[in-house]
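Student: One structure follows; several queries about it will come next.
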Amino acid sequence: MGDLGPTAASRAGLRGWLMADAPADAFQARCQRAYLAWLAFKANPIAMAGLVIIAGLVVMALLAPVLTTTDGVAQNLQNRLAPPSAEHWFGTDQLGRDIYDRIVWGARITLYIVGMVAIIVVPIGLAIGIVAGYVGGLVERALMRLTDIFLAFPRLILALAFVSALGPGIENAVLAIALTTWAPYARIARAEALTIRNSEFILAARVQGASTFRILKSHVVPLCLSSVIVRLTLDMAGIILTAAGLGFLGLGAQPPTPEWGAMISTGRQHLLDQWWVPTMPGLAILIVSLGFNLLGDGLRDVLDPKSGS
């Protein structure tokens, strides 16, 4: 057999470095853990299906100008309610707008909503839950009672109340969804903090004079983060459905923005005769929600050490 080419040799060397029995430093150990987690994730076909769906959503959002022929807003009344065809793959709506183009552009709005909600709820949930679980006492009771209040209301109903007070719009919808979504993450973070606050490595850090803030930042937060990420991925479907519900009721993205829930709302009167108008955005919501659920299941198997694979 001939010598391995430079590419094959470099791949073999990299894999050997990632699979070394004794890592040389902390960086190599972290890379090994990430590589082993990826191997475990890749072995799960359902999780990979979810990853493909979400990756497709991201690519579709990024390449929307390339994948479409219109901006999703331009009207063509001469071609209104046209059925699916080679020219209009998903048909057109009541204003002659290409539904395929609107779904592709709507992917950007969906990613914007879930991304902004994640940016808001994860820090809030982690901060409240970790402080409550680590400090305990009166602080824990006060923070957990506040969390219980938010958990007592159905998410969509509470979001409707917030949006009604703030006014319709994407930004207000994001804020309303975030304000109704952080509570479960606080519960998870508190449970994780309770289990590790008296661990030996935490006690050792205290003995060495580490401040409470440093202990929380360097030890407690990293250990709580994996459970929160798994819960966040599984909650993405609910976030998308809540955003679509607000859009359907006219409290989210406003026309002519191509938001999937608003598209279903404006096309619902055509369900019997021109079924494609509300059905296509509904299928988009279904597929993306399914993708996040499948991805979350796979991440749970990989990241949560207490769950069986």
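Taken together, the values in this text are just the output of simple stated rules run on the coordinates, not laboratory data. What you see is a predicted model; the values in this text were computed from it and never measured. Glycine gets a Cβ as well: all are built from the backbone with ideal geometry, and neighbour counts include every protein chain shown.
Student: For every helix of n ≥ 4 consecutive DSSP H residues, a contribution of -39,500 (n - 2.57) applies; sum these over the chain, divide by its total residues, and give [θ] at 222 nm rounded to the nearest 500 deg cm²/dmol.
Tutor: Dividing the helical sum by the residues of the chain leaves -23000 deg cm²/dmol.
Student: Calculated from the structure, percent of Cα pairs over 31 Å apart equals which of [x] 30; [y] 27; [z] 45?
Tutor: [z]
Student: Compare Ala253, Ala22, Ala189 in a GNM of the chain, Cα atoms joined below 10 Å, and give the one with the largest fluctuation.
Tutor: Most flexible of the set in this elastic network: Ala22.
Student: Still on this structure, please answer the following. Can you give me the C-alpha center-to-center distance between region 210-278 and region 17-66, rounded to a whole angstrom?
Tutor: The distance from the Cα centre of region 210-278 to that of region 17-66 comes to 23 Å.
Student: Comparing Asp148, Asp101, Asp21, which has the greatest mean-square fluctuation in the GNM of the chain with Cα pairs linked when under 10 Å apart?
Tutor: Ranking Asp148, Asp101, Asp21 by mean-square fluctuation puts Asp21 first.
Student: If you don't mind, another one. Quick one: Cα centre-to-centre distance for region 174-205 and region 89-154, in angstrom?
Tutor: 17 Å
Student: Mind checking the full-extension length gain between Cys31 and Ser218? Use 0.36 nm per residue of separation minus the Cα-Cα distance, one decimal, nm.
Tutor: 65.5 nm
Student: Something else about it: Could you work out which residue, out of Asn198, Asn79, Asn44, moves most in a Gaussian network model of the chain, that is, has the largest mean-square fluctuation with Cα springs under 10 Å?
Tutor: Asn198
Student: Can I ask one more? If each residue of separation counts as 0.36 nm, what is the full-extension length gain between Leu283 and Ile46 once their alpha-carbon separation is subtracted? Write out the running numbers ahead of the final one.
Tutor: On the way: separation 237, 0.36 × 237 = 85.32 nm, distance 1.92 nm.
Full extension from Leu283 to Ile46 adds 83.4 nm.
Student: So between Ile157 and Leu77, what do we pick up on full extension, going 0.36 nm a residue minus the alpha carbon distance?
Tutor: 25.1 nm
Student: Kindly rank 231-240, 255-264, 107-116, 282-291 from highest to lowest mean number of other beta carbons found within 10 Å of each residue.
Tutor: 255-264, 231-240, 107-116, 282-291
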